[in-house]
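First up is the structure itself, then whatever we jot down about it.
The values are calculated or read from the model by the stated rules, or taken from the named source; none is laboratory data. These figures come from a predicted structure and were not determined experimentally. Counting neighbours? That spans all protein chains shown, and the Cβs are built from the backbone with ideal geometry, glycine included. Ligands, DNA and RNA are stripped out before the accessible areas are found, and what is left, the full protein with its side chains, is counted by its heavy atoms. Shrake-Rupley method; radii C 1.70, N 1.55, O 1.52, S 1.80 Å.
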Amino acid sequence: MRVASELRFRWMKDVALPVLLKARERRPRERPRGESPLGPPLESTRSLKRLMTRHYALARYAEGARPVAWVTSGAPVELLRAFGCYTVYPENHAALCGARRMGPEICAHAEEAGFSRDLCSYARVDLGHALSGLTPVGRLPRPDVLFCTNNICQTILYWFKELSHGEGIPLVMLDTPFIASGEGTPEVFDYVAGQIKDAVPALERITGREFREDRFHDVLRSSIRASALWGDVLATMRHRPAPMTVFDAFVHLAPVVSLRGLPSCERYYEGLLAELQERVSRDVAAVPGERHRLMWDNIAIWFALAPLSRLFAEHGWAGVAGTYPNAWAETTHYLDLADPFGSLAKTYTLIFLNRGLDYRLGLMEAMGRDYQADGLVLHSARSCKPYSVGQYDLRQALAQRLGIKSVVLEGDMTDFRTWSEEQAKTRLTAFFESLDG
Amino acid sequence: MGRTTYLQGQKAAGRKVAAVWPARYPAELLWAHGVCPAEVWDPPAGQALAGAHLQSYVCGVVRQGLEFLLSGGLAVADFLLFPHTCDSIQNLGSLVRDLVHEPKPCLFFYPPRSGGSERAAVYLEAQLRTLSADLTRIAGPLRDGALEGALALGRGRTAAVSELYALRARGGLNASNAEFYGAVRACEYLWPEDAVLHLKAFTKTHAGRQRRGVPLVLSGVLPAPSDLAQRLDGLGVAVVEDDLLVCGRRFARAPLPEPGDPWKAVAARLLALPPCCTTGDGVEDRAAFLAEQVERSGARGVVFLALKFCEPELFQIPSLSGAMRARGIPVLIVETELGTTTPAGMMTRVEAFLESLP
Ligand code: SF4
Ligand code: SF4
């Protein structure tokens, strides 16, 4: 059985999928690009589509051929890669469902099963998918293991526990204590590193594979490089005019979230960075006539990404920085091959969502200065408490420190039932006018 | 005597007062440092001030706690303690300290989520020592034997609460729901010796045959709105056990073996509390605990109080209620919020549930 699955996986990976993807690309674009206030689209977007389509398409064939792991966005995936796991990120999948405007439809299945509409909509999409099978990617493989870290929120813990309970799938959980102030203590890092070490025998048992240190080191090296490249990609937006926008960053962060530690991820960002550097050298603007530069706080409003991107550009606004895309470039510098477990503990414990708001304020202030932002948009994501609670005061503090104006958009990542496009438009237009006036 | 007057009395007696947010924290350590914890669950507060800091989708416990703080309700406290219970309290603590710039010291405490593992115990012990160092700065150092003494006080208080719960579960307590929760929830601010005296006096006065009523178990964060217990009395419900985060989920039903080392003993007590979503316990453990409470009390059903915007609770209610149904235990899930008046619709649903019970 395993041999047949393995052969099928390899055949799809090496033969069928490359052919299918090429054929797909040869098809004419369905929608010709009409009048747009945006600059020329990034060429790399095609490679991105190919990469992510391949990832989700191949995922269907991974079952039986590779140990399949469902992972949270803030988990040390490097460990799983050392076991050759095929990884699926429910958060990334939920974002995709959001972008395809399938959020409410899928959430409804979770809500029918009793999950409150007030819960994180990423979780509701995922639970709704587990109950209904609904997805824009055909099918997700059933996981052999769930791998979860509560550094982004506690919600993830309840959500993955629920998946584990409902589907009878083993859960490996790493507890990363909240760092209310300071840089963390040896006790915290020992605690987290110890849990990562404990996860090794647990994963050996679950995957039936041996932990290979050489492979682990290769993965860590690759992960460090991919995150550094991603950081360089984001840093190109410091240039005036910015060669891409934060809305592009939301789209192009998928590989560093989902494929970190794989060579394909590094290759992808090498290409994207080269394209952006070339744009910088020629002053190609993502928003022609860029007049203002803004910073975005919180996760994207996936279902409204394109209209918002257009609206900003129409007013000469380039989104040039975002706390969310920055998260995947923020702490990888702690990774150290000489101390893989200890440094993984630091890398994943010290992410900004796991730290006090004073840290976040400092980070946003520095980003605002580095990227020369003169405006701030705070997406108050109704179903994401850890990211959103505190934003009103962050806004005030940043106005004082940076002297920038800001606007709060009440929205959600995927669930557009509480979103009014018209209201958002009115609010943003008034905001833009206040800056111009 | 009102809560604030009592706490002022504590200060006059030389103790410090800590305003402590939900839910699990090492009370013994605070007592050992001469600190009287006053918990902030559902203080009487409006909505006027907190709205400038919090979105409308934040739970009432966080909103009302902040409102109470901002309106001066916690003036008596010398410092604030935020146990890391959920994402909302995590951000509230940080918000109060870093952005609202509360002048009183704000302390944090993180209950580990990795179950009863040895690593969790070691980490917890390290944290207790860090917290003790913070408390030393505020309230002075630990005296010799103070932690052992505080552990003894804790054992006494747990024994008194347990006795009261056991009596109620056996049908030997002649107290209304409102009287019962009024008595037990006084432990949220009473010094442990006073709490024991208060509970014992209550037990003595109310020992006797239970009033008639439909025996039910309550699960949720707390009895909310504040008139709920009374309204349940009015409907003829006799709450005989509970899995409420504020009450029944915060004391072990049976005495625990205690390690000789007092630090380890405080950690062990925290790790041995009944299973809870806020500390990452799974549905299986919670279902087993809840079923045990139903069995020991002879309850005819479980009412889940689904507190609006409370993620930890709301995530587990579907599976937990499903597990109860699978055991043949009737359940009712009602959405609830803090406030003073139970909506008529909620009472109608409870009534219908009572009528449907076999
Ligand atoms: S609560 Fe927020 S951080 Fe947590 S999974 Fe949901 S969207 Fe992500
Ligand atoms: S979300 Fe729930 S656990 Fe957290 S403070 Fe609110 S009521 Fe308590």
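Averaged over the residues of A:108-115, the number of partner chain Cβ atoms lying within 10 Å of the residue Cβ comes to 2. Taken one residue at a time, the phi angles of region B:75-85 give Karplus couplings (6.51, -1.76, 1.60, θ = phi - 60°) of 4, 5, 6, 8, 7, 10, 10, 10, x, 7, 9 Hz. Gly and Pro are set to x. Entry note, chain A: relative contact order of 18 percent, from Cα contacts under 8 Å with a spacing of 6+ residues. Here region B:233-358 is assigned +1 on the Cβ of each Lys and Arg and -1 on the Cβ of each Asp and Glu. Its dipole about the Cα centre then comes out at about 140 debye. When you count the other C-beta atoms within 10 angstrom of each residue and take the mean per peptide, B:235-244, A:385-394 line up highest first as A:385-394, B:235-244. Karplus-based coupling profile of region A:11-20, in residue order and whole Hz: 4, 5, 5, 8, 10, 5, 5, x, 5, 4, with θ = phi - 60° in 6.51 cos²θ - 1.76 cosθ + 1.60 and x standing for Gly or Pro. Note on the protein assembly as shown: with charges restricted to the Cβ of Lys and Arg (+1) and Asp and Glu (-1), its dipole about the Cα centre is near 1160 debye. Per residue of peptide B:312-318, the mean number of Cβ atoms on other chains within 10 Å of the residue Cβ is 6. Spatial offset of region B:184-202 relative to region B:1-57 amounts to 16 Å, using the alpha carbon center of each. Would you work out if the protein assembly as shown is rounded, prolate or oblate? Take a ≥ b ≥ c from the square roots of the eigenvalues of the alpha-carbon gyration tensor; rounded if a/c is under 1.5, else prolate when a/b is larger than b/c, oblate otherwise. Prolate, since a/c reaches 1.5 and a/b exceeds b/c.
Residue farthest toward the positive end of the dipole of the protein assembly as shown, with Cβ of Lys/Arg at +1 and Asp/Glu at -1: which of B:G322, B:N91, A:H109? With unit charges placed on the Cβ atoms, the residue in question is A:H109. 3J(HN,Hα) couplings calculated from phi for region A:413-419 with the Karplus curve 6.51 cos²θ - 1.76 cosθ + 1.60 (θ = phi - 60°) are, in sequence order, 6, 10, 9, 8, 5, 9, 9 Hz; Gly and Pro show x. Could you tell me which residue out of B:A27, B:L7, B:S117 lies farthest along the dipole of region B:3-138 toward its positive end? Charges go on the beta carbon: Lys and Arg +1, Asp and Glu -1, centred on the Cα centre. Farthest along the dipole direction, towards plus: B:L7.
The magnitude of the dipole of region B:3-138, with charges of +1 and -1 set on the Cβ of Lys/Arg and Asp/Glu and taken from the Cα centre, is near 220 debye.
Mean separation of Cα pairs under 8 Å and 6 or more residues apart, divided by the residue count, gives chain B a relative contact order of 17 percent. Take every Cα pair under 8 Å whose residues are at least 6 apart in sequence, average their separation, divide by the length of region A:1-140, and the relative contact order is 22 percent. Amide H contacts of A:V172: A:L146, A:F147, A:C148, each under 5 Å away and 5 or more positions distant or on a separate chain (H built 1.01 Å from N in the peptide plane; Pro and chain starts excluded). Farthest toward the positive end of the dipole of the protein assembly as shown, out of B:G145, A:V77, B:L273, is the Cα of A:V77, where the dipole comes from beta carbon charges about the Cα centre. For region B:121-174 versus region A:89-104, the inter-centroid distance based on Cα atoms is 46 Å. Inter-chain Cβ neighbour count for A:165-178, averaged per residue, equals 4 (cutoff 10 Å, partner chain atoms only). Ordering of B:71-79, A:61-69 by packing is A:61-69, B:71-79, highest average first (other Cβ atoms within 10 Å, averaged per residue). Does region B:3-138 come out rounded, prolate or oblate, given a ≥ b ≥ c as the square roots of the eigenvalues of its C-alpha gyration tensor, rounded meaning a/c under 1.5 and, failing that, prolate meaning a/b above b/c? Oblate shape, in that a/c is at least 1.5 and b/c is the bigger or equal ratio.
Just to confirm my numbers, what's the Cα centroid distance between region A:232-303 and region B:308-358 in Å? Taking the Cα centre of region B:308-358 as reference, the centre of region A:232-303 is 48 Å away.
Pairs of Cα atoms in chain B fall into 10 Å distance bins, from 0 up to the last occupied one, in shares of 5, 25, 35, 26, 8, 1 percent.
Close amide-amide hydrogen proximity is noted between B:I333 and B:F304, each under 5 Å apart and 5 or more residues distant or on a separate chain (H modeled in the peptide plane; Pro and chain starts excluded). Tell me whether region B:108-219 comes out rounded, prolate or oblate; compute the Cα gyration tensor, take square roots of the eigenvalues as a ≥ b ≥ c, and use a/c under 1.5 as the rounded threshold. Prolate shape, in that a/c is at least 1.5 and a/b is the bigger ratio. Surface analysis of chain A yields an accessible area of 38 Å² per residue, using protein heavy atoms and a 1.4 Å probe. The H on the amide N of A:V408, modeled in the peptide plane, is under 5 Å from the matching H of A:L378, each at least 5 residues off or on a different chain.
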